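Engineer: There's a structure below that I have some questions on.
Laboratory data are not the source of any read-out in this text; all were calculated from the coordinates shown. Given the structure is predicted, the values throughout are model-derived calculations rather than measurements. FYI the Cβ positions are ideal-geometry reconstructions off the backbone, even for glycines, and counts take in every protein chain you see.
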Amino acid sequence: MRIISTVPSQTELLADLGLQAEVIGITKFCIHPQFWFKTKTRIGGTKTLNLELIKQLQPDLIIANKEENVKEQITALGRHCEVFVSDVKTTTDNLNLIPTLGQLTGTRMTAIRLAQKLSAALESIQQVHSKTAAYLIWKDPYMTVGHDTYIHDMLNKCGLRNVFHYQTRYPTTTINALKDKAPELILLSSEPYPFKQEHLQELQSMLPESHIVLVDGEIFSWYGTRLSKKLDELNLLLNTLT
């Protein structure tokens, strides 16, 4: 089987399923595992796929995602080979995704073991005691997360109450709105916008009542197997927020 992955977190999952030989193409954002990033053919970005190159690679299966990829591009590719499109909005969706990909790729038993490990990791998250939080993913304009996102569900798993839970998808917000919501915590993600210490300091001066921290966006937004590898780092973060 010749497989192309168009989503970074699913690329990592395919690697953990042991599909080194089968995966022939990945995106320029598929940074895990590192040796795949250095050696696999890159087929563009998640939303800017190189359709002609993908066709030339003659894949049997393309692994895509409803949120990460452009529908028209995936539809076009579906005329040439089998396409699997995931839709992961919760940690439960993620747990179900792993055995589904295992079934598709002939790695069912490995997938079951990975799902069991992830389930144990989810159970081992050391929750913060119900603090309100805002999670920012972008700047100029500021953007946050609504209730129908994987990040929102991860916040819930950590015991954090999303102050923008009434919103959908990835709404824009403002400093005034953040002041009005007065979250106890503001989490600045490392991706897709790379928030740094300077941004933290700027926000802290405007929102002195909130505790603002930089967080690894992969922990909160990458489904697949990432949490299993980052559990200790997440719990260390959560311990500092209690």
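Engineer: What's the center-to-center distance, using Cα atoms, between segment 36-51 and segment 171-242 in Å?
Structural biologist: One Cα centre to the other: 29 Å.
Engineer: Then there is this: Once phi is turned into ³J(HN,Hα) by the Karplus curve 6.51 cos²θ - 1.76 cosθ + 1.60 with θ = phi - 60°, what whole-Hz value does each residue of segment 158-169 show in order, with x for glycine and proline?
Structural biologist: 8, x, 9, 9, 5, 6, 10, 4, 7, 8, 10, 6
Engineer: In addition: What is the P(r) of the chain, as percent of Cα-Cα pairs per 10 Å bin from 0?
Structural biologist: Percent of Cα pairs in each bin: 7, 31, 33, 21, 8, 1.
Engineer: Still on this structure, I have one more. Among Thr100, Asn162, Gly224, which residue has its Cα furthest toward the positive end of the charge dipole of the chain, with +1 on Lys/Arg Cβ and -1 on Asp/Glu Cβ?
Structural biologist: Positive-most Cα among the choices belongs to Thr100.
Engineer: In the chain, which longest range has no trypsin sites (Lys or Arg not before Pro) that are both DSSP loop (not H, G, I, E or B) and surrounded by at most 16 other Cβ atoms within 10 Å?
Structural biologist: 80-138
Engineer: Which lysines, if any, have their Cα less than 16 Å from the Cα of Lys38, not counting same-chain residues under 8 positions apart?
Structural biologist: Candidates past the 8-residue exclusion: Lys28.
Engineer: 5 Å is the cut-off here: which amide hydrogens, built 1.01 Å from N in the peptide plane, fall below it relative to Thr132, excluding neighbours closer than 5 in sequence?
Structural biologist: So Thr132 has HN proximity to Arg161, Glu184, Leu185.
Engineer: For segment 70-171, run through the chymotrypsin sites (Phe, Trp or Tyr not before Pro) and keep only the ones in DSSP coil with at most 14 other Cβ atoms within 10 Å of their Cβ.
Structural biologist: Sparse-neighbourhood loop chymotrypsin sites (Phe, Trp or Tyr not before Pro): Tyr166.
Engineer: Any of Lys40/Lys230; Lys40/Lys131; Lys131/Lys230; Lys157/Lys196 with alpha carbons more than 31 Å apart? Name them for me.
Structural biologist: Table pairs above 31 Å Cα-Cα are Lys40/Lys131.
Engineer: Take each complete run of DSSP H in the chain, measure how far its Cα atoms stretch along the helix's own axis, and keep only those covering 15 Å or more with mean Kyte-Doolittle hydropathy at least 0.0; list them.
Structural biologist: 91-105, 108-123
Engineer: Sticking with this one: Is there a quick way to get the dipole size of the chain? I mean about its Cα centre, with the Cβ of Lys and Arg at +1 and of Asp and Glu at -1; what is the value in debye to the nearest 20?
Structural biologist: 400
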